[in-house]
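Below is one structure, written out as structure tokens; comments come after it.
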Amino acid sequence: MSVQERFRTPVQIPPAGDRIGYRTPVLMLGSCFTLNIGRRMQEYKFPVCLNPFGVLYNPLSILSGLQLLLNPRTFTPGDLIHHQGLWHSFFHHSSFSSPEREQCLKTINREMKQAASFLKKARFLFISWGTARVYRYKKTGQIVSNCHKLPHREFDHFLLTPEEIAAAWNGMLATLNSRFPEMAVVFTVSPIRHWKDGAHGNQVSKSALHWALHLIMQKNPGIYYFPSYEIMMDELRDYRFYEEDMLHLSHTSISFIWERFAETYIDKEAIEIMSQVEKIITACRHRPIHPESKEYRAFVQNTLKQLRTLQKKYPFIPLGQEKAFLEKQIKEQEEQTI
């Protein structure tokens, strides 16, 4: 045992039979932890559809989102509420809200249409649960994805039981398996703490999620579980791995969990491609002190050459934005020399 291993308890993750490559469409839904992994995948240019309803925290709201993608419909003004100068949807995060009703509907319907189409070809579905506590809007009985700062008295606030969660999701998983038998489904419990419920309340909520997943995996043995919660609690296990609020994960901890995710679910060819993509992206982010220098010109030209070589070998990797940036840099340099 190495010195490093003696200072932590590594979480053992069973190897995944299904792996993600650069031609593997991945749909990701759920808590803000989904953003941490999903954005990394987007940065590396994987085909990812990330949170088409915005950040969702509880299992039933995520389930409602999936049901809408399986049976898409057009949202109309009757689906929205108006509060504090903004139009909102109880199915969506506040990032979809807008002072203009038509703009809100336009964004909602555009994202849902794209995501519903994406679901049909998705080969991985990644689900992140954040809390088992839900808010039910008294006027309609709907469990909402976001309260949008409406008065607390307009909602019933309660904890879902593991059995309720499992029963709802067992039905959904049966539907997914029937319609998309080749799709791999991965669940995780977000390590980000919901401190509004208190220390004990947060643990009770996370425990309900863990037990629900235990019940689900007993009935659906083909489902994967990625232990992001356990990695944070047992491997990292220190406040230096949190942001200043001591609730959200730091960049370092996100990177560590991302590495564990990548080694578990991303295939070997994609890992090799990722290193090449990262070099190009890092080069494009570089801001030189002397952009007019010969050295920087050679740097840009060499990066563009690497990009074209990579695109020729892997034409399915979307590097158009980086290519346009590099070509613009070269054009500006040539104009300066005239």
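A few notes on this one:
- Remark on residue 20: its backbone amide H falls under 5 Å from those of 266, 267, a criterion applied only to residues 5 or more positions apart or on other chains, H modelled at 1.01 Å from N.
- Footprinting exposure proxy for 120, 139 (fewest neighbouring C-beta atoms within 10 Å first): 139, 120
- For the chain, built as a Gaussian network whose Cα springs stay under 10 Å, the top-fluctuating residue of 212, 298, 116: 298
- Per-selection Kirkwood Rh - the stretch 274-337 (Cα, Å, 1 d.p.): 12.1 Å
- Neighbour-limited loop hits for GluC sites (Glu not before Pro), the stretch 273-338 (at most 16 other Cβ within 10 Å; DSSP other than H, G, I, E, B): 292
- Around the amide H of residue 83, modelled in the peptide plane, lie the amide H atoms of 88, all under 5 Å away and 5 or more residues distant in sequence or on another chain.
- More than 18 Å apart - percent of Cα-Cα pairs taken over the stretch 43-156: 52 percent
- Candidates 303, 34, 131: whichever shows maximal mean-square fluctuation once the chain is modelled as a Gaussian network with Cα springs under 10 Å: 303
- Principal-axis analysis of the Cα atoms of the chain puts helix 198-219 at an angle of about 90° to the longest axis.
- The HN-Hα couplings worked out from phi for the stretch 289-299 by the Karplus form 6.51 cos²θ - 1.76 cosθ + 1.60 (θ = phi - 60°) are 6, 10, x, 8, 6, 5, 5, 5, 4, 5, 4 Hz, whole numbers, x standing for Gly and Pro.
- About the Cα centre, charge dipole magnitude for the stretch 274-337 (Lys/Arg +1, Asp/Glu -1 at Cβ), debye: 280 debye
- Taken over the stretch 201-323, the ratio of Cα radius of gyration to 2.2 N^0.38 Å equals 1.53.
- Debye equation applied to the C-alpha atoms of the stretch 73-231, log10 I(q)/I(0) at 0.10, 0.20 Å⁻¹: -0.45, -1.35
- Calculated over the stretch 34-102: convex hull of Cα atoms, volume per residue (Å³): 121 Å³
- Here the 3J(HN,Hα) profile of the stretch 83-99, calculated from phi with Karplus coefficients 6.51, -1.76 and 1.60 at θ = phi - 60°, is 8, 6, x, 10, 9, 10, 10, 6, 8, 10, 5, 5, 5, 8, 5, 7, x Hz, Gly and Pro shown as x.
- Helix axis angle, 251-265 relative to the chain longest principal axis, alpha carbon, degrees: 90 degrees
- Using θ = phi - 60° in the Karplus curve 6.51 cos²θ - 1.76 cosθ + 1.60, the 3J(HN,Hα) couplings for the stretch 143-158 round to 7, 8, 7, 7, 7, 6, 6, 5, x, 4, 5, 7, 10, 9, 10, 8 Hz; x is entered for Gly and Pro.
- For residue 142, the residues whose modelled amide H falls within less than 5 Å of its own, excluding neighbours fewer than 5 places apart on the same chain, are 137.
- Relative contact order (%) - criterion: Cα under 8 Å, at least six apart; region: the chain: 19 percent
- Top positive-direction residue, dipole computed over the chain with Cβ charges, set 262, 140, 103: 103
- Order of 245, 238, 267 - criterion: other Cβ atoms within 10 Å of each residue's Cβ, fewest first: 245, 238, 267
- Isotropic mean projected area of the C-alpha convex hull, the stretch 148-222 (nm²): 6.6 nm²
- Each Cα pair under 8 Å and six or more residues apart adds its separation to the average, and for the stretch 15-64 the resulting relative contact order is 42 percent.
Every number here is computed from the coordinates shown, using simple stated rules; none is lab data. Worth saying up front: this structure is predicted, and the values here are computed from it rather than measured. Quick reminder, even Gly has a Cβ in these numbers, built from the backbone with ideal geometry, and neighbours come from all protein chains shown.
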